[in-house]
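Shown next, in structure tokens, is the structure this report addresses.
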Amino acid sequence: MMYSFIDDAGTFTVNDPLSYQLYFPLTDKDGSLLSAVCPNLAGDIKKDNDRFLTPPASVPDTRYNLLCRRDFFLKTEGAVIRASYPYRDKLEAGFLYHRLIKQAHHLQIEVLNFIPFDLAVEVMQVKIANKSGKTVTITPTSFVPLFGRGEKNLRDHRHVSSLLNRIDLDTCGIFLRPTMVFDEKGHRENKDNYFVLGYEGTGKPPVGQFPTLDYFCGSSDLISPDAIEKDTAPVTKKAVDFDGKEACAAFRFRTREVAPQEELTYCLVMGIEEDRGRARRMFRKLDSPEKVAKKLEETKQYWRRYLSAIKFDFRDRDFNNWLLWVRLQPTLRKLFGCSFLPHFDYGKGGRGWRDLWQDALTLLLTEPDKAAALIFNNFKGVRLDGSNATIVTADGEFIADRNKISRVWMDHGVWPYLTLREYLHQTGNARFLLQETEYFRDQHLKRAKEIDHSFAQQDYVLRTRNKKIYRGSILEHVLIQMLVAFFNVGQHNAIRLENADWNDGLDMASEKGESATFSFMYAHNLRDVCFFLRQLQKEGDSVLLLKEIALLLDRIHTPVDYKSAKRKQERLNEYLEAAERTAGEKIRVKLDDLIDDLQHKSAHLFKSLSRRQFLKRGFFNGYYDNKSKAVEGNVKGGVRMRLESQVFAIMSGGASDRQIRSTWNAINKYLRDKRLGGFRLNTDFKALYMDLGRAFGFAYGEKENGAFFDHMAVMLANALYKRGFIREGSEVMHSIYAMATSSRARIYPMIPEYFNNQGRGLYLYLTGSASWYAYTLMKEVLGIKFILGRIVFAPKLMSVNFRRDSIEVSFNVRGKAIKATYIKKGRASGACALTQGFLNGRELPVDTVGLTIREQDLKEKHNTVMLYLS
Ligand code: G1P
């Protein structure tokens, strides 16, 4: 571990942090301002893709590009100290602040960066303390590069867009307000102010400033700017010359003598606001060291309170603290989307469809009320052809694809149901399935195979051919996703891969590719939903569904020969044609018939997959490439194996116990890395694979080509636990923690997206693996499940999970607090069995399912559950 926790609230310190080249996220509770900050003060500050206060910073920029750094210069007798350089640095970081402590030339310099939980500004406070016995004279100058426009202007009209810059100098700082938003598709008037305001001590303004990069650097550059080296005079008034130039917020503060032990404070407040009055008001909330200290304290408290919705205590400070950071990760992804930290320099903001649903898994545990609304809203993104909008903006709006690429990921229909089922179990409210909502409609038709050039609607809501908005039940939405997939098969009767599945890197087999991997999950969903349909039967014997869906419920009407991929495709086309012209008419479908149809489909899929895809080598083939060839098994003298193919065969329930045992052996043989201890995504195919996807263009061991991809690893653990392979599941779970905290990982506490061949963690914070880790820990390891509103404790703990002899977890269910304590009796090794359980001191029976608590049993506001295991 390269960090040490210094308390029980996740605060950690790192010595010489610059050597790790990491970034740290800062944001407020609503994600209104998003920052990344590194130990060299690099990173960027933005609101969204169109509004960057500082130049956008990708990973190489954070290290090599001086224009992507905040800075603070101190000129002393004989030396220039630059806060972005290391001086025996120590980092202290917590929820959610970044504080560097430097020892430079008898001065201790502290640089604190944070975004207050309730204000959309980044605060950078610099404290300078004279630790020597002598008086030191300093001339301080702060520096923040200003960008004031959107990410695309980094290359597209960068110079031209700087000509739009208009700079206003304020007593306390600078407002950059470009005249326009430069966009050749339609220029707009710009209304945003990009501002930095600063003060020293108790609110004294800077003595002057250097408002443009040219003025700051003079005849030199950012390595030795004239403003510092040659003491160029700062200005206090606006000169016309400054307009139309690349801007910066560089403030000169008074030259001061710092007496021994004296401490001076400087502060910058940075943000993006339309209303300057509002910007000034925010500044006034932070215009003294006392106010900053108070805000920082409130910010820490906010995040701590936020995380306390679930409390894990494994009696292991490092693990508990690490878990706090992991638990924050899904929230960070909710706020940052997948585009706004230095590794994540793709996309245009917002989150992808599958990320959205998976992050909801933990949100269901931490913010159940918000999650319910989110789930309901998300279903509006489904199209009638079973595909969906791909991007969801921060305010919950759906966008087909801003890059104008028509793409369909075949796994997208799987995730909504998996999250929905958690919600249904948690609330016990199967009737939620009957609530109605809209569908998404845009120019893409027939799973992006056709474009409707006449489409001109602005609201992207599906209308019938009579132009009426159509609404269908949530059940209908999920059924469409499953049923369309079921019929959409390739030559081998597995569901077509289309433009990729979970693995975004398998994106070059759209014609003939098939994903047996996710076919397993569709088979699972088709069967699983029947459980809830039976619940609905308690209230009625039929449901209303869109008339055209009857075509896909073929068992009820005209059965299709499932053995024939061609027949299935024909039926699908019939449906797609009909659905495009729907009049929105609904028919009644008997629940018995519906259940029968879905079960039939599921059984057919499971049977054909588990027979056909289980290879002689003893593991599953998950894919066919664009030449219709099986991807896995013995190929070109080597063994090709993918982890996804195994995970979903197991998780879906499709793999038999015998197949799981054999697959687990193969995983250990081919994918477990003996040196680093983790599980790789695939074996080395040792070739480009133009018939399968871009992943094989990456160096082996990086990202989707054979890295230790945590999302898949944790889903493997989940699948193994789910199927009762507890020891195996716990080995996989442990491998993730071990890799993430190993000194090789070189990361702060968190789960990264992946580890490379060196064991280094990459793609920090914004990964779906964190949500799955917390979810698996809660639902499988601690075994806290919900079954139709009842809480069931069915722990799958191994004795190694007990760092001491007990584990505690606290959470809330519908306003009632529950504190559960797991106590290990005796010296059992291996898997521990639940032997006895008590609720508020009263013993409850433990049966084969576990210990069940009904809602009416939770009589107290605060309830205690004691679980004894041996
Ligand atoms: C990322 C994407 C996820 C995708 C995965 C594999 O994983 O966010 O949607 O399925 O790559 O291509 P993550 O960073 O969430 O772990």
Which residues, taken from the stretch 652-664, are under 17 Å from GLU731 (Cβ atoms) and open to solvent by less than 10 Å² (accessible area, probe 1.4 Å)?
-> ILE660, THR663
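Go through the stretch 592-611 and count every residue that is surrounded by fewer than 19 Cβ atoms within 10 Å (Cβ to Cβ) and either modelled with pLDDT of 95 or more or not in a helix (DSSP H, G or I) (or both).
Within the stretch 592-611, residues that are surrounded by fewer than 19 Cβ atoms within 10 Å (Cβ to Cβ) and either modelled with pLDDT of 95 or more or not in a helix (DSSP H, G or I) (or both) number 9.
Hey, among the residues in the stretch 166-181 that are touching a Leu at 6+ places or on another chain (Cβ under 6 Å) and in contact (Cβ under 8 Å) with a residue 24 or more places away in the chain, which one's surrounded by the fewest Cβ atoms within 10 Å (Cβ to Cβ)? If you could, list the steps in order and put the result at the bottom.
Taking the stretch 166-181 first, the residues touching a Leu at 6+ places or on another chain (Cβ under 6 Å) are 167, 172-173, 176, 178-180.
Then keep just the ones that are in contact (Cβ under 8 Å) with a residue 24 or more places away in the chain; that gives 167, 172-173, 176, 178.
Details: ILE167: 26, CYS172: 22, GLY173: 26, LEU176: 24, PRO178: 25.
Across the stretch 166-181, the extreme among qualifying residues is CYS172.
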Do any residues in the stretch 828-839 that are touching a residue at least 60 places away in the same chain (Cβ under 8 Å) have Cβ atoms under 9 Å from those of residues that are of a type in the set (D, E, K, R), where the two are at least six apart or on different chains, and which pairs are they?
-> GLY830/ARG727; ALA831/ARG727; ALA831/LYS796
Take the stretch 209-226 and flag every residue that is under 17 Å from TYR85 (Cβ atoms), open to solvent by less than 90 Å² (accessible area, probe 1.4 Å) and not hydroxyl-bearing (Ser, Thr, Tyr).
-> ASP221, LEU222, PRO225
For the stretch 97-133, enumerate the residues that are at pLDDT 95 or above, among the charged types (D, E, K, R) and outside any strand (DSSP E or B).
-> ASP118
LYS686, sole failed condition from (1) open to solvent by 30 Å² or more (accessible area, probe 1.4 Å); (2) at negative phi; (3) part of a loop (DSSP other than H, G, I, E, B) = (2)
Mind checking which pairs have a first residue in the stretch 380-401 that is in a loop (DSSP other than H, G, I, E, B) and a second that is of a type outside the set (S, T, N, Q) and at pLDDT below 65, Cβ under 7 Å, 6 or more apart or different chains?
-> ALA389/ALA400; THR390/ALA400; THR390/ASP401
The condition from (1) within 14 Å of the ligand (Cβ to nearest atom); (2) more than 19 Å from ILE115 (Cβ to Cβ) that LEU264 misses is numbered (1)
Is it true that some residue in the stretch 403-416 is outside any helix (DSSP H, G or I), more than 16 Å from the ligand (Cβ to nearest atom), out of contact with any Asp or Glu (no Cβ under 6 Å at 6 or more places or on another chain) and at pLDDT 95 or above?
-> no
For the stretch 261-280 the number of residues that are open to solvent by 20 Å² or more (accessible area, probe 1.4 Å), in a helix (DSSP H, G or I) and touching a residue at least 40 places away in the same chain (Cβ under 8 Å) is 2
For the stretch 281-318, enumerate the residues that are in contact with a Leu (Cβ under 7 Å, 6 or more places away or on another chain) and in a strand (DSSP E or B).
-> PHE312
Considering TYR773, TYR822, which residue is crowded, with 20+ Cβ neighbours inside 10 Å, hydroxyl-bearing (Ser, Thr, Tyr), closer than 19 Å to ALA309 by Cβ and at pLDDT 95 or above?
-> TYR773
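If we scan the stretch 757-773, do we find a residue that is in contact (Cβ under 8 Å) with a residue 40 or more places away in the chain, within 16 Å of the ligand (Cβ to nearest atom) and more than 14 Å from the chain's Cα centre (by Cα)? Before you say what the answer is, go through the steps one by one.
Quick first cut of the stretch 757-773, residues in contact (Cβ under 8 Å) with a residue 40 or more places away in the chain only: 757, 759, 762-773.
With within 16 Å of the ligand (Cβ to nearest atom) added as a condition, the list becomes 762-773.
Keeping just the survivors that are more than 14 Å from the chain's Cα centre (by Cα) gives none.
Checked the stretch 757-773: no residue is in contact (Cβ under 8 Å) with a residue 40 or more places away in the chain, within 16 Å of the ligand (Cβ to nearest atom) and more than 14 Å from the chain's Cα centre (by Cα).
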Applying the selection to the stretch 317-326, what residues are open to solvent by less than 20 Å² (accessible area, probe 1.4 Å) and either of a type in the set (D, E, K, R) or within 11 Å of the ligand (Cβ to nearest atom) (or both)?
-> none
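Picking from ILE726, ILE667, which residue would you name as being closer than 21 Å to LYS779 by Cα, of a type in the set (A, V, I, L, M), crowded, with 19+ Cβ neighbours inside 10 Å and away from the ligand (no atom under 14 Å from the Cβ)? So that I can check it myself, show each step before the final result.
Numbers: ILE667 fails: closer than 21 Å to LYS779 by Cα.
Matching residue, one of ILE726, ILE667: ILE726.
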Taking the stretch 405-425 and keeping only residues that are among the aromatic types (Phe, Trp, Tyr), under 21 Å from LEU384 (Cβ atoms) and open to solvent by 10 Å² or more (accessible area, probe 1.4 Å), one is left with TRP409
Conditions: (1) aliphatic (A, V, I, L, M); (2) in contact with a strand residue (DSSP E or B) (Cβ under 8 Å, 6 or more places away or on another chain); (3) within 19 Å of LEU146 (Cβ to Cβ). VAL258 meets all but one. Number of the miss?
-> (3)
ILE784 meets each of (1) crowded, with 19+ Cβ neighbours inside 10 Å; (2) among the hydrophobic types (A, V, I, L, M, F, W, C); (3) more than 16 Å from the ligand (Cβ to nearest atom); (4) more than 26 Å from LEU844 (Cβ to Cβ) with one exception, condition (4)
Considering only the stretch 426-471, state which residues are over 20 Å from LEU374 (Cβ atoms) and crowded, with 17+ Cβ neighbours inside 10 Å.
-> ARG441, ASP442, GLN443, HIS444, LEU445, LYS446, ARG447, ALA448, LEU462, TYR470
Across the stretch 479-508, what is the number of residues that are more than 16 Å from the ligand (Cβ to nearest atom) and not β-branched (Val, Ile, Thr)?
-> 14
Just name the residue that is surrounded by the fewest Cβ atoms within 10 Å (Cβ to Cβ) out of those in the stretch 696-718 that are within 11 Å of the ligand (Cβ to nearest atom) and among the charged types (D, E, K, R).
-> LYS703
Scan the stretch 825-843 for residues that are open to solvent by 20 Å² or more (accessible area, probe 1.4 Å) and in a strand (DSSP E or B) and report the count.
-> 7
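Listed here are the residues, each with its yes/no results for (1) open to solvent by 10 Å² or more (accessible area, probe 1.4 Å); (2) out of contact with any strand residue (DSSP E or B) (no Cβ under 8 Å at 6 or more places or on another chain); (3) modelled with pLDDT of 95 or more.
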{"site": "LYS29", "(1), (2), (3)": "yes, yes, yes"}
{"site": "SER32", "(1), (2), (3)": "yes, no, yes"}
{"site": "ALA36", "(1), (2), (3)": "no, no, yes"}
{"site": "PRO60", "(1), (2), (3)": "yes, yes, yes"}
{"site": "ASN65", "(1), (2), (3)": "yes, no, yes"}
{"site": "LYS75", "(1), (2), (3)": "yes, no, yes"}
{"site": "LEU91", "(1), (2), (3)": "no, no, yes"}
{"site": "GLY94", "(1), (2), (3)": "no, no, yes"}
Do the conditions hold for ASP684, that is, is it modelled with pLDDT of 95 or more and within 14 Å of the ligand (Cβ to nearest atom)?
-> no
Selection within the stretch 340-362 - closer than 13 Å to TYR765 by Cα, of a type outside the set (A, V, I, L, M) and over 10 Å from the mean Cα position of the chain (by Cα) | PHE340, PRO342, HIS343, PHE344
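Evaluate the stretch 661-678: report whether one residue or more is of a type in the set (Ser, Thr, Tyr), closer than 21 Å to ALA500 by Cβ and touching a strand residue (DSSP E or B) at 6+ places or on another chain (Cβ under 9 Å).
Residues of the stretch 661-678 of a type in the set (Ser, Thr, Tyr): 662-663, 670.
Remaining after also requiring closer than 21 Å to ALA500 by Cβ: none.
No, that holds for no residue.
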Complete set of residues in the stretch 337-360 that are within 12 Å of the ligand (Cβ to nearest atom), modelled with pLDDT of 85 or more and assigned to a helix (DSSP H, G or I) = TRP353, ARG354, ASP355, LEU356, TRP357, GLN358
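The values are calculated or read from the model by the stated rules, or taken from the named source; none is laboratory data. Only a predicted model underlies this, so the values are computations on that prediction, with no experimental measurement involved. Here the Cβ is made from the backbone with ideal geometry for all residues, glycine too, and neighbour counts use every protein chain on show. SASA here: full protein model, heavy atoms, side chains in, ligands and nucleic acids out. Shrake-Rupley method; radii C 1.70, N 1.55, O 1.52, S 1.80 Å.
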